[in-house]
1. Being of a type outside the set (A, V, I, L, M, F, W, C), surrounded by fewer than 16 Cβ atoms within 10 Å (Cβ to Cβ), outside the structural domain of residue 36 (by TED's automatic domain parsing) and closer than 22 Å to residue 24 by Cβ, is that true of even one residue in region 110-122?
2. Out of the residues in region 54-87 that are modelled with pLDDT of 80 or more and among the small types (Gly, Ala, Ser), which is nearest to residue 169 (Cα to Cα)?
3. Just one of the numbered conditions (1) surrounded by fewer than 19 Cβ atoms within 10 Å (Cβ to Cβ); (2) in contact with a strand residue (DSSP E or B) (Cβ under 7 Å, 6 or more places away or on another chain) is not true of residue 63; which one?
4. Among the numbered conditions (1) more than 18 Å from the chain's Cα centre (by Cα); (2) free of Cβ contacts under 8 Å to residues at least 40 places away in the same chain, tell me where residue 153 comes up short.
5. Looking at region 27-40, is at least one residue modelled with pLDDT under 80 and small (Gly, Ala, Ser)?
6. Can you pull out the residues in region 160-177 that are surrounded by 15 or more Cβ atoms within 10 Å (Cβ to Cβ) and among the hydroxyl-bearing types (Ser, Thr, Tyr)?
Amino acid sequence: MSGDDPWVMYYVVRSGVPFSLERAMAAAGAAAVECVERFGPFDEWHDRPRKVALRADEGEFAQIQEQEPCATEQEEALNPFTDAPRPQEEQPDEREPAMTYVIQPGVMRTAGKAMAQAGHAALMCVEELEPAHRERFAEWREAGRPGELLTDGWERLRTDPEAVTVSDAGHTQVAPGTETVIALVPSSRGSRRP
């Protein structure tokens, strides 16, 4: 992808295929980790780890896959956070290890921002907490790097010793230092629900 800043991780998602915010954030976190592990470490990018979400139709999506080094997690669509309710998705196995993402109430305005923050959170979680939880991260990778989203429990989970909290740099939608997303070490789905 071209642009003024050569150090941007792009999330390119297929338009026209609706999916939930939970799947968007899980896919973004998984893709960020996969991309850094396959193509990284991106030392220059790590100083200011920008992520941008873009839409692409089927042809554009295929062209990007052919021309750019990429990690493909899901061929899905990006829809605004405020879109109408999504169709019901297949329920995952509750025993499956999932990274848990928690959104700070009242902060996210778009799905693209939520995806970028999930990517930051997933990378922070891997970098900071994997050494103490190697087996759980290995199981998470083996399961396909799944994630689950919680929209409550922020105060309780932000102090969890298995949590990292993203503080936004303030370049786009929120003030600098605003806490946006928590990521927690992978565990069985639902284990962190209140």
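1. No, region 110-122 contains no residue that is of a type outside the set (A, V, I, L, M, F, W, C), surrounded by fewer than 16 Cβ atoms within 10 Å (Cβ to Cβ), outside the structural domain of residue 36 (by TED's automatic domain parsing) and closer than 22 Å to residue 24 by Cβ.
2. So the residue we want is 56.
3. Condition (2) is where residue 63 drops out.
4. The failed condition is (2).
5. yes
6. Residue satisfying the conditions is 165 alone.
The values are calculated or read from the model by the stated rules, or taken from the named source; none is laboratory data. Since this is a predicted model, take the numbers as computed values, not measurements. When we count neighbours, we look across all protein chains shown, and the Cβ atoms used for this are built from the backbone with ideal geometry, even at glycine.
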